[in-house]
Amino acid sequence: MNVRVYLWQRATAAVMTPLVVVHIAVIFYATRHGMSAIDILARTRGSIAWAAFYSVFVLAVSIHASIGVRNVLSEWTPLNERRVDACAVFFGLVLVVLGLRAVAAVVLW
Amino acid sequence: MTAGTNVAVNTELSVSLWRGAQDGRYETYRVPQRASQTVLDVVTFVQRHIDPTLSYRFACRVGVCGSCAMTVNGKPRWTCRTHVAKVAGRGKLEIGPLANLPVIKDLTTEMQPFFEKWQQAKGVFAPTKTRHDAVAQIEPDTPARKAADAAIECINCGVCYAACDTVRWNSDYLGPAALTRAWTLVNDERDGGNTARLQAIAGAGGCHACHSHQSCQELCPQALNPTATIAALKRRTATAYLKGEIKL
């Protein structure tokens, strides 16, 4: 890991820290108030705030996790650097697509 | 009963020594137990009284030269200052060459990769003055000098390098000793090579590869803390990169 990748990983971790706290608080709130999926969707649909919140979350997670996977592959597999980078980028893109699809599902429809 | 007490009641030690090169094996010897016996004493006994073909490396015998490091019961240690009573559980010792380095023969490793990484980390002083200039006056209480002093007593024994998981996983990683050396020069106000040095340690095998497992600081015979110096280098190189002082 060079200094550029290191900074991206630390920066995304810093972004995620407050987002994770809010995310967990939301989970506790929803479960303790016995909210159904319909109740939750009623609050999230059309909400620009929740769309922005979870979109940033998804992007930060995708970058952070793909860098972590890159490190694991680099240190624990015989793959060369080019293939390791390709795997990490692919993994990050999968997370972006799946994550933003989930955000769209609770905000748009 | 402690391991030390247990050893004291034995009259002989069972000592397994690595014999051969990389594809060697352990062979077991019986060595008389002595009071205040060091691991180096044990190895020397085998070489002087049992098998003179045993190869190992030592020089000062007092913890200064850093040449006698070996793997003792699974952990890298300086053998001249490691008492048998502290490490020989049940009177048994297994002594091998340092890990993460090629084995030349028996307990002797090839140290060239270790010192080449010092070169790669720009661990060489880059003077800013000539012999015609006045001697630099260095205040001992400045933060930079204190930081350098805290890391400067490295004896190049290779214990931290052999203990490091990241070195084992990533052959390009410079390792704790080379980075600690770089840190002392980063904090040396007489040195003029910091841009090149920070550039050298900001790459793929540099300080950011460290996982902070802290095996280096746990086993360093000089009680240095390479983990802390590497963490400081991460901050210093990150700052330099953000300011545009170094490029990748």
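What follows is calculated from the coordinates using simple rules that are stated; it is not laboratory data. What you see is a predicted model; the values in this text were computed from it and never measured. Cβ: placed from backbone, ideal geometry, glycine included. Neighbour counts: every protein chain shown.
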Could you tell me how far the Cα centroid of the range B:75-125 sits from the Cα centroid of the range B:31-48, in Å? 18 Å
Working from the alpha-carbon coordinates of the range B:23-97, get Rg over Rh, Rh being the Kirkwood radius. 0.92
Skipping prolines and chain starts, which residues have an amide H placed within reach, meaning under 5 Å, of the one on B:I104, given they are 5 or more residues away or on another chain? B:T109, B:E110
Could you work out, residue by residue across A:6-12, how many beta carbons of other chains sit within 10 Å of that residue's beta carbon, and then give the average as an integer? 3
Over chain B, calculate the relative contact order: mean separation of alpha carbon pairs under 8 Å at least 6 apart, over the residue count, as a percent. 18 percent
Return the average number of partner chain Cβ atoms within 10 angstrom of each residue Cβ along peptide A:69-78. 2
State to the nearest 20 debye the size of the charge dipole of the protein assembly as shown about its Cα centre, where the only charges are +1 on K and R beta carbons and -1 on D and E beta carbons. 340 debye
Any chance you could list the semi-axes, whole Å, largest first, of the equivalent ellipsoid that the Cα gyration tensor gives for chain A, using √(5λ)? 32, 14, 12
Ranked by Cβ crowding within 10 angstrom, fewest neighbours first, how are B:Y26, A:Y6, A:Y54, B:Y173 ordered? B:Y26, A:Y6, A:Y54, B:Y173
Taking only the alpha-carbon atoms of the range B:112-242, what semi-axes of the equivalent ellipsoid follow from 5 times the gyration tensor eigenvalues under a square root, in whole Å, largest first? 24, 16, 14
How big is the charge dipole of the range A:3-107 about its Cα centre, in debye rounded to the nearest 20, if each Lys and Arg gets +1 on its Cβ and each Asp and Glu gets -1 on its Cβ? 120 debye
Taking all pairs of distinct alpha-carbon atoms in the protein assembly as shown, Kirkwood radius in angstrom: 24.1 Å
How long is the range A:61-109 along each principal axis, judged by its Cα atoms, biggest number first, in Å? 44, 14, 11
Nearest-0.05 FRET efficiency for A:A52 and B:Q112, computed from C-beta distance (R0 56 Å): 0.55
What order, most packed first, do the peptides B:174-186, A:41-53 have when packing is the mean number of other Cβ atoms within 10 Å of each residue? B:174-186, A:41-53
Along the charge dipole of chain B, Cβ charges K/R +1 and D/E -1, which of B:T130, B:V72, B:A178 sits furthest on the positive end? B:V72
Rounded to a whole number of µm²/s, how large is the Stokes-Einstein D of the range B:161-203 at 10 °C and 1.306 mPa s, given Rh as the Kirkwood radius over C-alpha pairs? 141 µm²/s
Cubic angstrom per residue, convex hull over Cα atoms of chain B: 149 Å³
